[in-house]
Amino acid sequence: EALQERITPRSKVLIVNFPNNPTGAVMSREDWLPIAKLAIANNLIVISDEIYAELTYDRQHFSIASLPGMKDRTIVISGFSKAFAMTGWRVGYACGNRELIAAMLKIHQYTAMCAPVLGQIAAIESLRSGLAEKDRMISSFKERRGLFVQGLREIGLPCHEPQGAFYAFPSIKHTGLTSEQFALRLLKEAGVASVGGGVFGPGGEGFIRCSYSVSLPKLNEALARMERFMRMHFPHNNVSPCLA
């Protein structure tokens, strides 16, 4: 309903990102059905960012492109950065309707040329040899997710359990600080880096994004520092008068 309200005669494209950055949310087939119906009814092209598709927990990723009537109007974009830990290699791809891809190529081939050869070789090798390691990495992420989310809740930062990607998105609304203020103070005073949720749009204000892609010892250390920070400034989950 919220999407429908924002569609105008000038609307051409709907961009979606699931599994989601920053919330870790995922979409089921049932979730996608009304979105697909809306896209078809309004003749929208859907750009589906599925870079975290392999990094899901407790359920299998479902793409909107697989629904009836959506294959030819969906461009799926993804890459090797997340599932194969190749963030710095910058190898990605787009899958979609032949005519749309051909139109994209007209611009792309004169602006970016092609992915670096070393990156292409690494991507091929990841598909040949890295699938088992990818599965082990997902299992490790799932363990870290459980520890970190529970830790956040215990120190007074409410957090839903993400079902994909490797981010936790706890609420800091009860502190009275903006997301940016909280993130900066957490960095300067506790030495823990996070991202203020406001950079992801108005809906993200009141939250911070934390990555649990690091080792368990580092996550435990981060939680310990965050706990000290919360005890010092928000001992009863109330905003200190000097911070209000």
*asked:* Quick check for me: using +1 on Lys/Arg Cβ and -1 on Asp/Glu Cβ, what's the dipole size of segment 25-132 about its Cα centre, in debye to the nearest 20?
replied: 220
*asked:* Stokes-Einstein diffusion coefficient for segment 105-217 at 10 °C in a medium of 1.306 mPa s, Rh from the Kirkwood formula over Cα pairs: what value in µm²/s?
replied: 95
*For segment 38-191, with every protein chain kept in place, what is the accessible area per residue (1.4 Å probe, Å²)?*
55
_Kirkwood-based Rg to Rh ratio, segment 153-240, C-alpha trace_ = 0.93
*Round to a whole angstrom and tell me the spacing of the C-alpha centers of segment 173-211 and segment 1-18.*
28
*Could you tell me what percent of the accessible area of the chain is made up of carbon and sulfur, with a 1.4 Å probe and every protein chain present?*
57
*For segment 48-120, treating each Cα as an identical point scatterer without solvent, what Debye log10 I(q)/I(0) comes out at q = 0.14, 0.17, 0.27 1/Å?*
-0.54, -0.77, -1.22
_Gain on full stretching of the segment that runs from LYS106 to THR8 - 0.36 nm per residue minus C-alpha separation_ = 32.5 nm
*10 Å binning of all Cα-Cα separations within segment 33-75, expressed as whole percents from 0 upward*: 28, 49, 21, 1
*In what sequence, highest mean first, do 61-68, 36-43, 112-119 appear when ranked by Cβ atoms within 10 angstrom?*
61-68, 36-43, 112-119
*Beyond 21 Å, what percent of the Cα pairs of the chain remain?*
65
*asked:* One quarter of the convex hull surface, Cα atoms only: what value does that give for segment 1-135 in nm²?
replied: 9.7
*What is the dipole size for the chain, taken about its Cα centre, with +1 at each Lys and Arg Cβ and -1 at each Asp and Glu Cβ, in debye to the nearest 20?*
280
*Across the chain, how many lysine pairs, 8 or more positions apart or on different chains, have C-alpha atoms separated by under 18 Å? Please give the number.*
8
*Can you give the relative contact order of the chain as a percent, counting alpha carbon pairs under 8 Å and 6+ residues apart?*
17
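The values are calculated or read from the model by the stated rules, or taken from the named source; none is laboratory data. Everything numeric in this text was worked out from a predicted model, so none of it was measured. Cβ atoms come from the backbone with ideal geometry, glycine included; neighbour counts cover every protein chain shown. Ligands, DNA and RNA are excluded from the accessible area calculation, which covers all protein heavy atoms including side chains. Shrake-Rupley method; radii C 1.70, N 1.55, O 1.52, S 1.80 Å.
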